[in-house]
There are 2 protein chains.
Amino acid sequence: MTAPGYHVLGIGNALVDVIAHAEEDFLLAHGMRKGGMALVDEARSAALYETMGPATEISGGSAANTLVGVASLGAPAAFIGKVKADGLGRVFTHDIRAAGVNFDTPAAADGPATGRSLILVTPDGERTMNTYLGAAQNLRPDDVPAGLVSECAITYLEGYLWDPDDAKAAFLKAATLAHQAGRLVALSLSDAFCVDRFRGEFLDLIRSRTVDLTFANEAEVKSLYQTADFDSAVAGLRADAALGIVTRSEKGCLIVSREETHAVPAARIERFVDATGAGDRFAAGFLFGLARGLDLPIAGGIGALCAAEIIQHLGARPACSLRTLAEQSGYAL
Amino acid sequence: MTAPGYHVLGIGNALVDVIAHAEEDFLLAHGMRKGGMALVDEARSAALYETMGPATEISGGSAANTLVGVASLGAPAAFIGKVKADGLGRVFTHDIRAAGVNFDTPAAADGPATGRSLILVTPDGERTMNTYLGAAQNLRPDDVPAGLVSECAITYLEGYLWDPDDAKAAFLKAATLAHQAGRLVALSLSDAFCVDRFRGEFLDLIRSRTVDLTFANEAEVKSLYQTADFDSAVAGLRADAALGIVTRSEKGCLIVSREETHAVPAARIERFVDATGAGDRFAAGFLFGLARGLDLPIAGGIGALCAAEIIQHLGARPACSLRTLAEQSGYAL
């Protein structure tokens, strides 16, 4: 086992966010669940785009946002995900590279267009997402280079991508390669509906120790164990996962394993603006800390600090250098 | 002369803004003049995009932004401009239509890509623009439908587009059609460097009454008359223009003709955030007011109110309905 070349490798959906304001009536008229994430096909994506308001395009994707956060903290970061060689694909590729993340997955020459998430922001600030995965779901095992995985301290898998068979095979290949190189594998459960759909498979991944770290928020961990009782859900995760990290918004996070429990408070904020990307950004800080060999509560603290940064402004990408922020907050990185 | 179908028609560059943060050093290293607008060719645009940071894409264009403002005020608005049938072209087309502006100029099937303005925002909030006009400069007289021009109360021309011969011919065709239908023609001088390049031609357009209304800011009117003395410059415009409208940031605006002068104060703001688009938005309010048949000082007041809205948030598109804003401010629309 050699020293890792990259601290964190993310594997997930390569998506561009297309963000517009909308009234509640618009959501109702189009049968959307406010605050939810719905997968849509190309035809529905095109029809929604046609009727939604003027938009802003900005690169997104859950794990991709996490890796941008890791890079902003100053750690070497890499991402694997699929775009098509089209306009939005060039936008995604430019943006993630410009953020300092290594990204070399070949773009698809044909097939579905680059994935995009149509995000409708209602006057109350809530975001309702309609995601057309497009090229992103065509990630295949061939897109996972053995050399890259084995030189990354932690490989981080986005639960949203656990769906097409090829993408699952790509995940499993990455997990195997990582463990062969003595590295760690992390999984984000991504979304409570996602958990509901793949509960058995996610539990298998966790119990078989195909993944070492499991990230979940309260809704996701409750969905995983099919209980409304938070403590029962956490008890389940504690028993099953090598390490479970449960984020709880303003209540901070819990880090649990059979051996230990750490409760890390949320970082103080001046004003709450927009919760989008808080979980992704928490994972960035936590993975960064862990890859640096910091203690779990310290890693949790950096995660909380990074999450606090993002919820104080609009948009899922950092408004300042997270490294500077962490250093100013007293962390020795 | 029949009642106008559209209140305002804009003719200008169809551009998408690509906005990223940059340090002052980046501007210096790439030989940019901070706060300026430079026209760049495709190769330089591509090279700059390659080196600039992660970006946000949002539809822009000077006259296009003005027409979005007119539509937000609740008046029928139309725009003529050229995109290519590519990714950014679809983004521009969607956004301006979604904002309520009629836009039917056929997209180019081949030739240069849709124009874009690479905008670098330095830590002091200043914006430095590098604009690749691309398809936008290929606007031709054929793109100006006679029927549309003759049913618009005011046709508004963006000075930035006064450059390629075909675009100039398109402008002149529109001006002729408008006047034949008894409508008004307005010109924005757009930029002091633009004025410096086309001073003689702009003066000809104004003196020959090819344009009835001339919009300029302080720098542009000084450049037009090659004087550092504001009063001399305004005296020149008063003598030459059927109607001159000079915007002066926090000092409000002057509306001048040989017969009358109106000084309209700036609208009160809570906080200054970003001056981008203030001139375009002022023009929106003024043109809206004039097309509605309101008195010049009232039209100026609506312009000032619209400009005040935009400088209090980031980005060149309205954060709220301008109609609601104007009504709440006591204007009877």
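A few comments on the model shown:
- Only one of the numbered conditions (1) more than 17 Å from A:S190 (Cα to Cα); (2) charged (D, E, K, R); (3) surrounded by 24 or more Cβ atoms within 10 Å (Cβ to Cβ); (4) within 12 Å of chain B (Cβ to nearest Cβ) is not met by A:D17, and that is (1).
- The range A:153-179: number of residues that are among the polar types (S, T, N, Q) and in contact with a helix residue (DSSP H, G or I) (Cβ under 7 Å, 6 or more places away or on another chain): 1
- Residue ID - nearest to the other protein chains (Cβ to nearest Cβ), chosen from residues in the range A:113-133 that are within 18 Å of A:A63 (Cα to Cα) and touching a helix residue (DSSP H, G or I) at 6+ places or on another chain (Cβ under 7 Å): A:T114
Listed here are the residues, each with its yes/no results for (1) touching a strand residue (DSSP E or B) at 6+ places or on another chain (Cβ under 9 Å); (2) touching a residue at least 12 places away in the same chain (Cβ under 8 Å); (3) among the hydroxyl-bearing types (S, T, Y).
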residue: A:R199; (1), (2), (3): no, yes, no
residue: A:F202; (1), (2), (3): yes, yes, no
residue: A:S208; (1), (2), (3): no, no, yes
residue: A:D212; (1), (2), (3): yes, yes, no
residue: A:F215; (1), (2), (3): yes, yes, no
residue: A:A219; (1), (2), (3): no, yes, no
residue: A:S223; (1), (2), (3): yes, yes, yes
residue: A:D229; (1), (2), (3): no, no, no
residue: A:I245; (1), (2), (3): yes, yes, no
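- A residue that is surrounded by fewer than 21 Cβ atoms within 10 Å (Cβ to Cβ), closer than 14 Å to B:N13 by Cα and either among the aliphatic types (A, V, I, L, M) or at pLDDT 95 or above (or both) occurs nowhere in the range B:190-209.
- The criterion of at least 1 residues that are within 14 Å of chain A (Cβ to nearest Cβ) and of a type in the set (D, E, K, R) is met, among strands (runs of 3 or more DSSP E) falling completely within the range B:39-112, by B:56-60.
- Check on B:L148, away from every other protein chain (no Cβ under 14 Å), not polar (S, T, N, Q) and not in a strand (DSSP E or B): yes
- Selection count, the range B:175-209, where residues are under 23 Å from B:G61 (Cα atoms) and among the polar types (S, T, N, Q): 2
Conditions tested, residue by residue: (1) under 30 Å from A:A71 (Cβ atoms); (2) among the polar types (S, T, N, Q); (3) under 19 Å from the mean Cα position of the chain (by Cα).
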site	(1), (2), (3)
B:A46	yes, no, no
B:E50	yes, no, no
B:A55	yes, no, no
B:G60	yes, no, yes
B:K84	no, no, no
B:S117	yes, yes, yes
B:E126	yes, no, yes
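- Those residues of the range A:76-97 which are surrounded by 24 or more Cβ atoms within 10 Å (Cβ to Cβ) and not acidic (D, E), in sequence order: A:A77, A:A78, A:F79, A:I80, A:G81, A:K82, A:V83, A:L88, A:V91, A:F92, A:I96
- Tally of residues being under 15 Å from B:L161 (Cα atoms) and assigned to a loop (DSSP other than H, G, I, E, B) across the range B:182-198: 3
- Residue check, B:G31 away from chain A (no Cβ under 14 Å) and in a loop (DSSP other than H, G, I, E, B): yes
- Test result for A:G35, under 22 Å from the mean Cα position of the chain (by Cα) and at positive phi: yes
- Residues of the range B:101-153 satisfying the condition of being over 16 Å from B:I80 (Cβ atoms), at pLDDT below 95 and surrounded by fewer than 19 Cβ atoms within 10 Å (Cβ to Cβ): B:V121, B:T122, B:P123, B:D124, B:G125, B:E126
- Looking only at residues in the range A:221-245 that are β-branched (V, I, T) and buried (at least 23 other Cβ atoms within 10 Å of the Cβ), the one that is farthest from A:G301 (Cα to Cα) is A:V221.
- From the list A:L172, A:L213, the lone residue that is buried (at least 20 other Cβ atoms within 10 Å of the Cβ) and out of contact with any Cys (no Cβ under 9 Å at 6 or more places or on another chain) is A:L213.
- If you go through the range B:33-48 and pick out every residue that is surrounded by fewer than 17 Cβ atoms within 10 Å (Cβ to Cβ) and closer than 13 Å to B:Q137 by Cβ, you end up with 2.
The values are calculated or read from the model by the stated rules, or taken from the named source; none is laboratory data. Predicted model, so just to flag it, every value in this text is computed and none were measured. Using ideal geometry, Cβ is built from the backbone for each residue, glycine included, and neighbour counts are taken over all protein chains shown.
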